[in-house]
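Quick notes on the structure that follows.
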Amino acid sequence: MNLNVIGCSPAWHNAGGAQSGYLVGGPGRLLLDCGAGVFARLRQQEPWPRVDAVVITHFHLDHWGDLVPWAFGACFGPGRGTPPPDLWLPPGGIATLKSLEPTFSSGPIREAFSVHEYADETPFRAAGFEVTATRVVHYDLRSFGLRVTDGARTLAYSGDSAPSPALAHLARNADLFICEATLAVPEPALRGHLTEEEALSAYRDSGAARLLLVHRPDELPVGAGHTRAWDGFETTV
């Protein structure tokens, strides 16, 4: 199993950066989230993205917004005639797409992808991997972390989350824990993100072998000995 970080900016782009998009390779090619800039970066690698499945953690634009240009290119541009990737959405995601019509042109999305919904703590198959979604705390929005395994190696991805025991459960004994660390200090009220120390605490509680910090503003360096992702970062899980 390998990981290619297509983009890892927070809700505001780092200079020249793309937002959340993590390409996992193994039995197939699985994209975790598809935020702004991710589709363009994928097209820098090849004329049209060869992705078997996309899984979206939640409906904030920095995690799903580039499904829109992808869909238009599949319906009217160079992606015409290519097999539609599977698109896995959170519970209620199909209704959410329909409610966005016509602002985000969800019709092309539903034409360009084979759309499914996953359920909390219920494994499903995507791009040859087994994926399990776990509900996490992200303000008042339904949001999920993802656990991906090929049967030999396991990767966990926090998505966007406030501190929660769900994170340690999600990443329990994983080979790699991709965890957001957006904040310098905790939000004063309703929580939706982690500080670096909160991400490290979730990592320690999980027993995961390795930690990769993501969704981090460039203005916030990380502590010595901790690995922060950048766009184009690659590793073997």
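The values are calculated or read from the model by the stated rules, or taken from the named source; none is laboratory data. The structure presented is a predicted model; accordingly, all values stated were derived computationally and were not measured. Here Cβ is always computed from backbone atoms with ideal geometry, including for glycine, and neighbour counts include all displayed protein chains.
Below are the figures for this structure:
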| read-out | value |
| --- | --- |
| Region 78-106, subset charged (D, E, K, R) and within 15 Å of V51 (Cα to Cα), residue modelled with the highest pLDDT | D86 |
| Failed item, numbered, when S106 is tested on (1) surrounded by fewer than 20 Cβ atoms within 10 Å (Cβ to Cβ); (2) without any contact (Cβ under 8 Å) to a residue 12 or more places away in the chain | (1) |
| Pair list, Cβ < 9 Å and 6+ apart or interchain, from region 155-170 residues that are in contact (Cβ under 8 Å) with a residue 60 or more places away in the chain and at positive phi to residues that are among the acidic types (D, E) and assigned to a loop (DSSP other than H, G, I, E, B) | G159/D33 |
| Selection within region 149-175 - surrounded by 24 or more Cβ atoms within 10 Å (Cβ to Cβ), more than 14 Å from the chain's Cα centre (by Cα) and assigned to a loop (DSSP other than H, G, I, E, B) | A171, A174 |
| Qualifying residue in region 186-204 (condition: touching a Lys or Arg at 6+ places or on another chain (Cβ under 7 Å), among the β-branched types (V, I, T) and over 24 Å from L31 (Cβ atoms)) | no |
| Near pairs, Cβ below 7 angstrom, 6+ apart or cross-chain, from region 90-101 (surrounded by 16 or more Cβ atoms within 10 Å (Cβ to Cβ)) to any residue that is of a type in the set (G, A, S) and part of a helix (DSSP H, G or I) | L97/S106 |
| Residue within region 17-32 that is of a type in the set (F, W, Y) and modelled with pLDDT of 95 or more present | yes |
| Conditions (1) within 15 Å of the chain's Cα centre (by Cα); (2) surrounded by fewer than 22 Cβ atoms within 10 Å (Cβ to Cβ); (3) not charged (D, E, K, R): number failed by V136 | (2) |
| Filter result (out of contact with any helix residue (DSSP H, G or I) (no Cβ under 7 Å at 6 or more places or on another chain) and part of a helix (DSSP H, G or I)) within region 192-225 | E196, E197, E198, A199, L200, S201, Y203, R204 |
| Selected residue [surrounded by 18 or more Cβ atoms within 10 Å (Cβ to Cβ) and more than 18 Å from the chain's Cα centre (by Cα)] from S206, S201 | S206 |
| A184 vs. criteria modelled with pLDDT of 95 or more and touching a Phe, Trp or Tyr at 6+ places or on another chain (Cβ under 6 Å) | no |
| Test: residue in region 103-120 that is at positive phi and among the charged types (D, E, K, R) | no |
| Residue that is out of contact with any strand residue (DSSP E or B) (no Cβ under 7 Å at 6 or more places or on another chain) and under 24 Å from A119 (Cα atoms), where the choices are L23, L87, L32, L67 | L67 |
| Hits in region 124-181 (condition: charged (D, E, K, R) and farther than 22 Å from R228 by Cβ) | R125, E130, R135, D140, R142, D150, R172 |
| Selection within region 41-69 - surrounded by fewer than 17 Cβ atoms within 10 Å (Cβ to Cβ) and basic (K, R) | R43, R50 |
| Subset of region 34-71 (residues that are in contact with a helix residue (DSSP H, G or I) (Cβ under 7 Å, 6 or more places away or on another chain) and free of Cβ contacts under 8 Å to residues at least 40 places away in the same chain) | C34, G35, A36, F39, P49, I56, P69 |
